[in-house]
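The values are calculated or read from the model by the stated rules, or taken from the named source; none is laboratory data. Source: prediction; values computed, not measured. Cβ atoms come from the backbone with ideal geometry, glycine included; neighbour counts cover every protein chain shown.
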């Protein structure tokens with residue numbers, strides 16, 4: 001199990017090739033980029049979200065940076081074009 005999503009792709013460097021070579025699978029942890037790939041953080045931080053909670057904000061904060069926001073916007077655009085949700089597009093990419 002490793003964190004793996006459109007916002008966290010480090011597993012592709014070594015882990016994914018090793019898993020594939022061994023004929024195994026990878027269990028993705030945080031496949032929705034800690035919730036950010038759902039699109040709920042686009043332009044705001046919802047009051048009832050982890051990012052708004054002082055104890056949990058640091059968990060989400062790395063994925064609220066500009067580079068991550070560009071990925072989220074691209075996912076949202078693809079979702080609109082496909083008539084799907086950002087969550088559907090993010091999870092479909094992962095599969």
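Mind counting the residues in region 68-83 that are loosely packed, with under 15 Cβ neighbours inside 10 Å and either farther than 17 Å from residue 45 by Cα or touching a residue at least 24 places away in the same chain (Cβ under 8 Å) (or both)?
Filtering region 68-83 for residues loosely packed, with under 15 Cβ neighbours inside 10 Å gives 70, 73-74, 77, 80-83.
Narrowing further to those that are either farther than 17 Å from residue 45 by Cα or touching a residue at least 24 places away in the same chain (Cβ under 8 Å) (or both): 73-74, 77, 80-83.
Number of matching residues: 7.
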Legend entry - Residue check for residue 28: under 16 Å from residue 95 (Cβ atoms) and within 15 Å of the chain's Cα centre (by Cα): yes
Legend entry - Given (1) at pLDDT 95 or above; (2) in contact with a helix residue (DSSP H, G or I) (Cβ under 7 Å, 6 or more places away or on another chain), index of the condition residue 39 fails: (1)
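Considering each residue of region 50-95, count those that are part of a loop (DSSP other than H, G, I, E, B) and under 19 Å from residue 3 (Cβ atoms), and give that number.
Of the residues in that region, 3 qualify.
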Legend entry - Unmet requirement for residue 40, which otherwise passes all of (1) without any contact (Cβ under 8 Å) to a residue 40 or more places away in the chain; (2) surrounded by 14 or more Cβ atoms within 10 Å (Cβ to Cβ); (3) not in a loop (DSSP other than H, G, I, E, B): (3)
Inset, instruction - Keeping to region 1-24, report how many residues are free of Cβ contacts under 8 Å to residues at least 40 places away in the same chain, under 21 Å from residue 88 (Cβ atoms) and in a loop (DSSP other than H, G, I, E, B). - result: 1
Inset, instruction - Please give the number of the condition residue 35 fails out of (1) under 23 Å from residue 67 (Cα atoms); (2) more than 9 Å from the chain's Cα centre (by Cα); (3) surrounded by 15 or more Cβ atoms within 10 Å (Cβ to Cβ). - result: (2)
